[in-house]
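Inspection log for the structure reproduced underneath, given as structure tokens.
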Number of protein chains: 2
Amino acid sequence: MNIYDIAEMAGVSIATVSRVVNGSDKVSETTRQKVLNVIDKAGYTPNVFAQGLGLNTMHTVGILVPDISDIYMSSAVFYLEGCLHKYGYDCILSCSGFETKQKEQHIHMLLDKHIDALILVGSTYAGSGRDHAKTDYIRDAAEKVPVFIINGAVEGKNIYSSVCDDRRAVYVVTRKLIGKGRRHILFLTDSHSYSSNEKMAGYEKALNDEGLPVEGNLKIHVKNDIHYVRDLLLKSEAICFDSVICTNDSIAVGVVKFAKERGLSIPREMDIVGYNNSVLAVSCEPEISSIDNHTSEICDGTIENVISVLQGDSNVRKHFTVPCTLVKRSTTDF
Amino acid sequence: MNIYDIAEMAGVSIATVSRVVNGSDKVSETTRQKVLNVIDKAGYTPNVFAQGLGLNTMHTVGILVPDISDIYMSSAVFYLEGCLHKYGYDCILSCSGFETKQKEQHIHMLLDKHIDALILVGSTYAGSGRDHAKTDYIRDAAEKVPVFIINGAVEGKNIYSSVCDDRRAVYVVTRKLIGKGRRHILFLTDSHSYSSNEKMAGYEKALNDEGLPVEGNLKIHVKNDIHYVRDLLLKSEAICFDSVICTNDSIAVGVVKFAKERGLSIPREMDIVGYNNSVLAVSCEPEISSIDNHTSEICDGTIENVISVLQGDSNVRKHFTVPCTLVKRSTTDF
């Protein structure tokens, strides 16, 4: 129960409840009594009530994303903010970009705001997962507030992490493509992040397990831009491939445009798999089969952890994994 | 000049500067002297420095959006946050949904955080522009902090607003369609907001100016969902139309899917115009001509206003308008 419930029960606005609690004289005596009666019945002491109003604590969680204009990240922030709000917490959002120095700066600015916890969204904060030193800035932050990482694993005290099982999802899809007879599977990624490396590891393991070579020229780093991807593939006559796994849907849309321009039949002559199951996957024709990384699930789980840690619960999972699933549409037929 | 510049000039981390300023004993004497020398040379007094660190002021602007998972709004927040950060301000983000009661609640929570200013993103906060009482909650907020509205006009003291010229943009496009010979122009919108009403007013004025009737069954409210729009049009045999103006790109993608399923040639048999010039406009085939509402420009202008008002400048524009332009692609030929 909070100020909003009190307002509703008393049949007055939140502003009025606020005025009564703060002793303003702009409230009529009748209204004042009505509000105070509800507060009395609800068993509130002024002090507890003040806490609910955020007077004794900021009740604020810092959320850091590299780029809020990215579809995946804005949808994650949407879930996180909604969940936090339910628990009476607000969020301070900061967008750091992808450079380490900028990330550090933004974390410091957030810590200066007396946040109760810090959430890092996106695997860029976990580095490549191969260089421990590059994540020291996260351990530094964790000395001040608990840190929660969405889709990245970082070791350390007071750090809680979650990942979606990207490695396994790409492994399964790659094996399905091989089972169907594909032998030249192109892997397109726009990132060197932990998550991107996990996806590539799944791709390579599937090839290895099937006794196929991992061809260097079939693993390409591209820009996250539809036309860039289309044009790059149109120019790359030398690369021979019969299917494509992309680390996001925007890249996959570029591949669809390439295949159509070449007159290829999808999926008969070319399978295409996207990632994130975003609105982009259903905006083109044929609609794209896309790996769904269950953003809402990973965000819900993270906020549960945040609240548990802030309430002093000692049984919080240090790390949890959410499975990914392929949402089948018209660019694959398995 | 701020803590980050000091850190760079002293060749140490921000954390180290922070420790020196806060008198921590975890810093070596050599490092301490190096940092203090830089601070001395920069002419900082501890007090001014403390301000820069956010100790005496929160330096925080509240940003309220109805839905951060919406492409237009997440891109607006991206620009706003980046701009604010340059001026040393952080942002507290809150997502209110579209209900008035929820909007009020979120504004109260933001005001409780001692924000310096409040930015409302999206024309939903301005109501329909026809009912003054429905925007009283904004005037209430403006009694506490300056309020800045992005794409909506609300009258009131301490309220600053900006709109993109949606009415004119749709007026121009509608006249072009009529000039080309179109007589049955469908208007699809997903909203009753100020901005949506402006767009519809432009559509109606163009029809009037050309002596054409405004047909009620050609103005349809739809869900913001690609497949919903496609299926609705496929079912609506009775509605006869030769071109479509949509109030966002997602609706326009649905129209493209409808036209292709019907085997219509675009734009020969049907023109389609989207709105927002988002990535969705280029994700389908043919790529969609879309009205660009210059999000970055309206956000930059708003932050300039925020900073001017906070600095006590008395010459701030109460209201400014940004023009919209049609980005021509393959779903129109004018």
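The values are calculated or read from the model by the stated rules, or taken from the named source; none is laboratory data. Here the structure is a predicted model, which means the values were calculated and not measured. Cβ sites come from the backbone with ideal geometry, for glycine too, and all protein chains shown count toward neighbours. Only protein heavy atoms, including side chains, enter the accessible area calculation; ligands, DNA and RNA are left aside. Shrake-Rupley method; radii C 1.70, N 1.55, O 1.52, S 1.80 Å.
Computed over the Cα atoms of segment A:166-294, the ratio of the radius of gyration to the Kirkwood radius (Rg/Rh) comes to 0.92. Distances between equivalent label points of B:LYS235 across the copies, with each point positioned 7 Å along Cα→Cβ, amount to 4.7 nm, shortest listed first.
How large, in Å, is the protein assembly as shown by the Kirkwood hydrodynamic radius built from its alpha-carbon pairs? Before the final figure, lay out the partial values.
On the way: mean 1/r = 0.0367 Å⁻¹.
Answer for the protein assembly as shown: a Kirkwood hydrodynamic radius of 27.2 Å.
Rg and Dmax of chain B, based on Cα coordinates, read 24.7, 83 Å.
Summarise the partner chain shielding of B:86-94 as one whole number: the mean count of Cβ atoms from other chains within 10 Å of each residue's Cβ.
Working: counts 0, 0, 1, 1, 9, 5, 7, 9, 6.
Per residue, the average neighbour count from other chains is 4.
Rounded to the nearest 0.05, the FRET efficiency derived from the C-beta distance between A:ALA238 and A:ARG262 at R0 = 22 Å is 0.90. Using the Kirkwood radius built from alpha carbon pairs, what does the Stokes-Einstein equation give as D for segment A:73-231 at 20 °C and 1.002 mPa s, in µm² per second? Stokes-Einstein gives a translational diffusion coefficient of 122 µm²/s.
For A:ASN224, nonlocal amide neighbours, meaning residues 5 or more places apart or on other chains whose placed amide H falls under 5 Å from its own, do not occur. For B:GLU8, inter-copy separations between label points set 7 Å beyond Cα along the Cβ vector come to 5.0 nm, shortest first.
So which GluC sites (Glu not before Pro) in segment A:187-276 pass both tests, a DSSP loop state and at most 11 other Cβ atoms within 10 Å of the Cβ? Could the numbers behind the result be given before it?
Working: sites: A:GLU198, A:GLU204, A:GLU210, A:GLU215, A:GLU237, A:GLU261, A:GLU269; in loops: A:GLU210, A:GLU215, A:GLU237, A:GLU269.
Taking segment A:187-276 and a limit of 11 other Cβ atoms within 10 Å, the loop GluC sites (Glu not before Pro) found are A:GLU237.
Can you work out the FRET efficiency for the pair A:GLU269 and B:ARG168, with r the C-beta to C-beta distance and R0 = 56 Å, to the nearest 0.05?
Values: r = 47 Å, r/R0 = 0.84.
Computed FRET efficiency for A:GLU269 and B:ARG168: 0.75.
When a 1.4 Å probe is rolled over the protein heavy atoms, the share of accessible surface on the protein assembly as shown that falls to carbon and sulfur comes to 47 percent.
Close amide H partners of A:ILE291, meaning residues 5 or more places away or on another chain with modelled amide H under 5 Å apart, are A:GLY274, A:TYR275, A:ASN276, A:ASN277, A:VAL327. Within the listed set A:SER195, A:SER74, A:SER236, the Gaussian network model of chain A (springs between alpha-carbon atoms below 10 Å) gives the highest mean-square fluctuation for A:SER236.
In nm², what is the average projected area of the convex hull enclosing the Cα atoms of segment B:136-223? The partial results should precede the final answer.
Values: hull surface 27.1 nm².
If you wrap the Cα atoms of segment B:136-223 in a convex hull and average its projections, you get 6.8 nm².
Among B:ILE291, B:ILE14, B:ILE307, the residue with the largest mean-square fluctuation in a Gaussian network model of chain B, with springs joining Cα atoms closer than 10 Å, is B:ILE14.
From the helices alone, meaning DSSP H stretches of at least four residues, give me the mean residue ellipticity at 222 nm for chain A, per-run term -39500 (n - 2.57), in deg cm²/dmol to the nearest 500.
Values: 12 runs with 139 residues, N = 334.
Helix-only estimate at 222 nm: -13000 deg cm²/dmol.
Of the trypsin sites (Lys or Arg not before Pro) found in segment B:76-135, the ones in coil according to DSSP and having at most 12 other Cβ atoms within 10 Å of their Cβ are B:ARG130.
The label point for A:GLU8 and the one for A:ASP225, both projected 7 Å from the Cα toward the Cβ, are 4.9 nm apart.
Determine, from the Cβ-Cβ distance of B:ASP131 and A:ALA201 and an R0 of 51 Å, the FRET efficiency 1/(1 + (r/R0)^6), rounded to the nearest 0.05. E(calc), rounded to 0.05, equals 0.35. Among B:ASN37, B:ASN217, B:ASN197, the residue with the largest mean-square fluctuation in a Gaussian network model of chain B, with springs joining Cα atoms closer than 10 Å, is B:ASN37.
Across the identical copies, the 7 Å label point of B:SER265, projected outward along Cα→Cβ, sits 2.6 nm from its counterparts, in ascending order. Ordering of A:274-284, A:296-306 by packing is A:274-284, A:296-306, highest average first (other Cβ atoms within 10 Å, averaged per residue).
Among the GluC sites (Glu not before Pro) within segment B:79-137, which fall in a DSSP loop and have no more than 15 other Cβ atoms within 10 Å of their own Cβ? Display every interim value, and only then the final one.
On the way: sites: B:GLU81, B:GLU99, B:GLU104; in loops: B:GLU99.
Answer by residue number: B:GLU99.
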